[in-house]
Protein chains: 2
Amino acid sequence: MASSLASAASTLPSLQLSAKYSSLHINAARTNATLQAACTWGRSPARPVTNLYPRTTDGGMNRLTCNDDDESVRDWFISETQKYGCHHKVDEMGNIFAIRPGQNNNLPPIDTQPTGGKYDGILGVICGMEVLQVLHENNITTYAPVAVVNWTNEEGARFPPAMLCSGVWGGEFSVNYAHGRQDPEGESLGEELKRIGYLGSTPWEPTKTQDPAHFEVHIEQGPILDVAEKPVRIVKGVQSIRWYNISITGRESHTGTTPMDRRSDALLGAAKIIVETNRIVTENEVAARGGRATIAVINSSPQSINTIAGKVSLGLDIRAPADSDVELIEQQCRSGFEKICRSHGLQMTFDNFWISPALNFDATMVGCVKQSATELGCDIEIVSGAGHNSVYTSRKVPMAMIFVRCRDGVSHHPAEFSREEDCAAGAQALLGAYLRYDDYIRRSTAKI
Amino acid sequence: MASSLASAASTLPSLQLSAKYSSLHINAARTNATLQAACTWGRSPARPVTNLYPRTTDGGMNRLTCNDDDESVRDWFISETQKYGCHHKVDEMGNIFAIRPGQNNNLPPIDTQPTGGKYDGILGVICGMEVLQVLHENNITTYAPVAVVNWTNEEGARFPPAMLCSGVWGGEFSVNYAHGRQDPEGESLGEELKRIGYLGSTPWEPTKTQDPAHFEVHIEQGPILDVAEKPVRIVKGVQSIRWYNISITGRESHTGTTPMDRRSDALLGAAKIIVETNRIVTENEVAARGGRATIAVINSSPQSINTIAGKVSLGLDIRAPADSDVELIEQQCRSGFEKICRSHGLQMTFDNFWISPALNFDATMVGCVKQSATELGCDIEIVSGAGHNSVYTSRKVPMAMIFVRCRDGVSHHPAEFSREEDCAAGAQALLGAYLRYDDYIRRSTAKI
């Protein structure tokens, strides 16, 4: 994919592994077994089965934040990581940090992450657990301590918004705001964390000066790796994203009695706006630079088959690797939409309600990932199209990400699947990148 | 408007009024006063005010079928029409027939009609009441008896579908089906008719051999008369109408991670279908023959701003004066939609769930309306774009309609308005057409 982000690793010196580290390899079968074990909980929720929390029968997972299955898998995560020499911290948001000591325990730990569906999210935790096991079985004591982080409520499916607890950690949300978020039945996250025993008392306060670092492994949630038949890819940043509400007002009138040339049909205008949005990002110059724009939310009224729509609202999602291209797509959309509305006698409002600027990951860490992934035959860099916990955590600590191939690019769906060998490649890329960075920290500290 | 329906009156002999009838004129101020009196009930519903039945504050009417205001206005209608020499029949559906005897009471009455909003529907009843008053004050005994009909539940707003009780009369629905229709609170029409005391015991059984006839006055519900600045127009039939459900299935995927060229976006496909529908009836040859097609119902899922729509359903309304043009538009839509779906990898179902064929009104009655309306300077014939009670009643008796100008073509809205002089023209056109038809019946019977 074309991108305006600088190639992160190009200016870095070689980050070769030390002899001790270069012989280490992950165990593919064990990684897969750990993943399957983690999915023991979530198929039959212990929580009362209601319309909000249906029992899954399709191979998908239902382990919403703070339900009883989430409690069980948290207990399992702590018990398993204890076996590999970890102690644990649980912060005020229920984020769990499984910390394995290093040679220099004054240093903050290097982290690997998160939580979610069967692959989406959870694969990151599983890869982190495999790294811990490789270190443990080889009696390795790394220079800095290492931690695997289980973030609470990554998807926001039960307690919106998404990435709530990494957001608290990153300073986007206050603890009080996050504790007060309610599910559709009116239960709050704070109360539910308390109920399952994961309302930690000590705040986790990251500081950039301590120079810890986070690596995140995640399924791609897109089809690029699957089409390219590559198991992993280096993620050098996250796309720029903006969300908009568009409201179109026309005039309700009778479909049978209103001549075609005397209509102000809000749904016809909305349809032309959806087509124009697609045209801009497939035909204009932004197409070649990875611009994307989508309308996937529509509400029309009065929704009567013989009354021309008087009011339609749309949700618009614009993305591109560069902030400037998101701005360009926004300008072209606004101008195109205004022209459509003028020609149909429609009124429009165009409201940008959310901005997430383009994010560049840490150059040294991206370099570590690149050298590790290149050993697996995967040297292509990509800009993530989706937001991740990294959007928030990167405000506090250096970040890099590794994407793992998923079948047909499907995520957030029971059909979500990554092959054992692709998951293993993700764990191996993480191990190599992490060990390189631990070496880098050791050498940097030694220089001081 | 161009039309394939034959000009009804062209082959008829002159239907001149007799000397006695030709001197009669309606009273415009009285017609308006009757209309305003009828709207005494409905502004503050006596029924409990709930979300379903809100109190109106905008000048509109809320007098849903069988609420307490509907009961009051029915009582008023009976009491008023008694003053003009009428007796009454109430049938099993609560339809009220106010019958004024003629010289030959073995004949069935000639009817004028219906019920509804402040102008939509109710104007027909008011014009009929004014005709009764003109006959009464001039001591006229017509040849056949005359009746004004107040149809129950014309709009179907409380008890769907629309035109339910004229539908029972016309043989479309059974009495049991109609009695069992429920409002959103679960109350049935049969029980509610009983509650307000308008569940009649005698069935009204129209038979074509008896040769009664129905005239209907209705606001146009469209802008053609308002643009032409004409108070009334001759309606020679009702357009052909078909309704369709269209379902489009694509593939849900992430807006951020799915490249533009790897999407099956059901909402983009639906948008192109809406635009194509409009193109067919504005650019193809059916445009010049009055073809209309509209999509005003849309449901998209999953309605998440960052998930491309996987499923969209649409409601399509096709109309034209000729059945053959509705079929042609259907063919062009289906073919165009299939092409769009193929190019986006979408699946489509296309289901025609309702057909209302084109309806030609009775040539003699349309001729009576034409001669009466021509005296008012209005000699243009029109095909109704909307369905009316006449669609059902015309199955049993000869029908004709008169449209009255309404401001901006607005109906089904508090802003619905017809000027006093336009309402009066409607009543005068009805009086002239009705008296001509009464003369025609007298002459026809005399010949036998």
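The values are calculated or read from the model by the stated rules, or taken from the named source; none is laboratory data. Just so we're clear, the structure is a prediction, and the values are computed from it rather than from any experiment. Here the Cβ is made from the backbone with ideal geometry for all residues, glycine too, and neighbour counts use every protein chain on show.
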Those residues of region B:157-202 which are without any contact (Cβ under 8 Å) to a residue 60 or more places away in the chain and either β-branched (Val, Ile, Thr) or on the phi > 0 side of the Ramachandran plot (or both) amount to B:Gly186
Inside region A:280-299, can you point out the residues that are facing another protein chain (nearest Cβ under 7 Å), in contact with a strand residue (DSSP E or B) (Cβ under 7 Å, 6 or more places away or on another chain) and in a helix (DSSP H, G or I)?
A:Val281
Taking the residues in region B:249-276 that are closer than 23 Å to B:Ile329 by Cα and charged (D, E, K, R) as candidates, determine which candidate is nearest to the other protein chains (Cβ to nearest Cβ).
B:Lys272
Pairs needed: first member in region B:287-306, in contact (Cβ under 8 Å) with a residue 24 or more places away in the chain and on the phi > 0 side of the Ramachandran plot; second member anywhere, in a loop (DSSP other than H, G, I, E, B) and surrounded by 22 or more Cβ atoms within 10 Å (Cβ to Cβ); C-beta distance under 8 Å; at least 6 residues apart or different chains.
B:Gly290/B:Gln239; B:Gly290/B:Pro321
Among the residues of region A:347-355, is any under 30 Å from A:Glu276 (Cα atoms), of a type in the set (Ser, Thr, Tyr) and touching a strand residue (DSSP E or B) at 6+ places or on another chain (Cβ under 8 Å)?
yes
Every residue in region B:239-248 that is more than 9 Å from chain A (Cβ to nearest Cβ) and aliphatic (A, V, I, L, M), please.
B:Ile246, B:Ile248
The correct count of residues that are closer than 30 Å to A:Ser384 by Cα and more than 8 Å from every other protein chain (Cβ to nearest Cβ) in region A:300-315 is 2
Among the residues of region B:294-323, which ones are surrounded by fewer than 22 Cβ atoms within 10 Å (Cβ to Cβ) and over 30 Å from B:His254 (Cβ atoms)?
B:Ala322, B:Asp323
Could you pull out the residue among B:Thr11, B:Thr34, B:Thr57, B:Thr65 that is modelled with pLDDT of 80 or more and β-branched (Val, Ile, Thr)?
B:Thr34
Might you let me know whether region B:200-207 holds any residue that is within 23 Å of B:Leu64 (Cα to Cα), out of contact with any helix residue (DSSP H, G or I) (no Cβ under 8 Å at 6 or more places or on another chain) and at pLDDT 85 or above?
yes
So, A:Asp325, is that one part of a strand (DSSP E or B) and among the acidic types (Asp, Glu) or not?
no
Given the options A:Val326, A:Val383, name the one that is closer than 19 Å to A:Gly290 by Cα, crowded, with 24+ Cβ neighbours inside 10 Å and modelled with pLDDT under 95.
A:Val383
Going by the structure shown, is A:Ala162 small (Gly, Ala, Ser) and out of contact with any helix residue (DSSP H, G or I) (no Cβ under 6 Å at 6 or more places or on another chain)?
yes
Among the residues in region B:242-262, are any within 15 Å of the chain's Cα centre (by Cα) and over 30 Å from B:Thr307 (Cα atoms)?
no
Determine whether A:Glu338 is in a helix (DSSP H, G or I) and either farther than 18 Å from A:Leu268 by Cβ or not assigned by TED's automatic domain parsing to the domain that holds A:Arg279 (or both).
no
